[in-house]
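The values are calculated or read from the model by the stated rules, or taken from the named source; none is laboratory data. Keep in mind it's a predicted model, so treat the numbers as computed, not measured. Glycine also receives a Cβ, built like all others from the backbone with ideal geometry; neighbour counts cover every protein chain displayed. For the accessible areas, the whole protein counts, side chains as well, though only heavy atoms, and no ligand, DNA or RNA atoms are used. Shrake-Rupley method; radii C 1.70, N 1.55, O 1.52, S 1.80 Å.
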Amino acid sequence: MSNLDNERYFSSFDESAIWNDSEPLLCTSVVPEAPNVATFSFASPSGAWFKFKPGQFIQLELPTAQGVLQRVYTISSSPSRPLSLSITVKAAPDSVGGRWMLNHLEPGMALKAQGPNGLFTLADERPRKYLFISAGSGITPSLSMMTYLFDIGKAPDICFVHCAQRPSQIIARRQVESMASRVPEIKLHYLVEEDDPFTVWAGYRGRLTQIMLGIMAPDYVEREVFCCGPEPFMQAVRDMLYGLGFDMNHYQQESFGVVVAEVADEIELNDTVPDDETVSTVLFSHSGVSSECLQTDTILAVAKSSGLNIPSGCTMGICGTCKVKKTAGEVHMVHNGGIAAADIEAGYILACCSHPMGRVEIDV
Ligand code: FES
């Protein structure tokens, strides 16, 4: 079943049977994965099913003691298991949102959410072979994609490379090994930087190198590469593949919600620059609120100062949370891959990085 088949499958459902972010997510389980890492699963209170693409992310509102925080997490479960949605969260030492989740979020609690969003997903046209390369909690999109490919059958040819600090920090290890043990075409390789004391480690050690990659995936040139992890890790993988002469049209990466735009979604350069002395008007047509502002203001800022709430996350044109429909007028938008070309074509903009050029109407 391709993504298109998946779409067709869901299109046979009544829309009310599919979850949308007008209802909260109900936490149903918390499973520890590794030190400071847990998987949180959610159901919809109405019993609706979850429709998303493997690799997409969701934004949660976390009611922490410091106030409500918006945080974006890649979905680690697969849309082929649509009764629940899971995210796998690592709480870094200085994190507030991740720490709140690990310390406070329990089954029975409900969180507001927006999404799913994101362009780092499997293409509708399936390549024959995949190479998933991840580090740390960057395993989550690969996990969703591999589970999806595993569930839809057809023996997916996957080379799954995951890097962790130590063996005990490998996330979802049993789940990944369970899939690899059932499908001979799934090849699994772990690479750690240090051993755990008093345990045996028979896998790779050190940093991923060209030689290691050649041993793990001798046919890497034939594979579609998906990479996710901290930026320095992805930079190293990019440099390595580039140095090997890999065709980078077959390389995609994500960094916890940061999407590298596909060619079709590249930013169109626009010569018109917002002027900080020119006045514009934004009409929020649904609310009937009209506000004068400067061209250098963003639609998101104008909405906020007018007492309206447009959900937002990164505020950098990355996550797509602030997507709204523009029904009239022109904006100057410079995004970072958070909106697809098809959405722009259909009149959507990202409020956080769109500046009103004259009179603009927004459907909020
Ligand atoms: S808030 Fe993330 S794209 Fe606007």
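Farther than 18 Å from Pro35 by Cα and outside any strand (DSSP E or B), is that true of Glu194? So Glu194 fails the test. Selection of first residues in region 314-330 that are assigned to a strand (DSSP E or B) and of second residues that are modelled with pLDDT under 95 and near the ligand (Cβ under 6 Å from one of its atoms), restricted to Cβ pairs under 9 Å at least 6 apart or on distinct chains, gives the following pairs, ordered by first then second residue: Lys323/Gly338; Lys323/Leu350; Val324/Leu350.
Of the residues examined, Val289 is one that is more than 30 Å from Glu254 (Cα to Cα), among the aliphatic types (A, V, I, L, M) and not assigned by TED's automatic domain parsing to the domain that holds Tyr73.
Take the conditions (1) within 16 Å of the ligand (Cβ to nearest atom); (2) at pLDDT 90 or above; Leu294 misses just one of them, which is (1). Among residues of region 211-222 that are touching a residue at least 12 places away in the same chain (Cβ under 8 Å) and of a type in the set (Val, Ile, Thr), those with a Cβ under 7 angstrom from a residue that is part of a loop (DSSP other than H, G, I, E, B) and open to solvent by less than 40 Å² (accessible area, probe 1.4 Å), sequence gap 6+ or separate chain, pair up as Val221/Phe246. The set of residues from region 348-364 being more than 14 Å from the ligand (Cβ to nearest atom) and either in a strand (DSSP E or B) or under 23 Å from Thr278 (Cβ atoms) (or both) comprises Pro356, Met357, Gly358, Arg359, Val360, Glu361. Taken over region 312-333, the residue count meeting the criterion of being more than 18 Å from Glu361 (Cβ to Cβ) and open to solvent by less than 40 Å² (accessible area, probe 1.4 Å) is 8. If we scan region 232-247, do we find a residue that is over 28 Å from Glu125 (Cα atoms) and either open to solvent by 70 Å² or more (accessible area, probe 1.4 Å) or of a type outside the set (A, V, I, L, M, F, W, C) (or both)? Among the residues of region 232-247, at least one is over 28 Å from Glu125 (Cα atoms) and either open to solvent by 70 Å² or more (accessible area, probe 1.4 Å) or of a type outside the set (A, V, I, L, M, F, W, C) (or both), which makes the answer yes.
Of all the criteria given as (1) more than 9 Å from the ligand (Cβ to nearest atom); (2) closer than 22 Å to Thr121 by Cβ, the one not satisfied by Pro311 is (1).
Could you list all residues from region 79-134 that are assigned to a helix (DSSP H, G or I) and among the hydrophobic types (A, V, I, L, M, F, W, C)?
Scanning region 79-134 gives Trp100, Met101, Leu102.
Reported count of residues in region 128-160, each being open to solvent by less than 10 Å² (accessible area, probe 1.4 Å) and more than 19 Å from the chain's Cα centre (by Cα), is 2. For Ile133, the conditions (1) over 21 Å from Leu213 (Cα atoms); (2) at pLDDT 95 or above all hold with the exception of (1).
Residues in region 297-308 that are assigned to a loop (DSSP other than H, G, I, E, B), under 27 Å from the mean Cα position of the chain (by Cα) and more than 10 Å from the ligand (Cβ to nearest atom): Leu308 alone.
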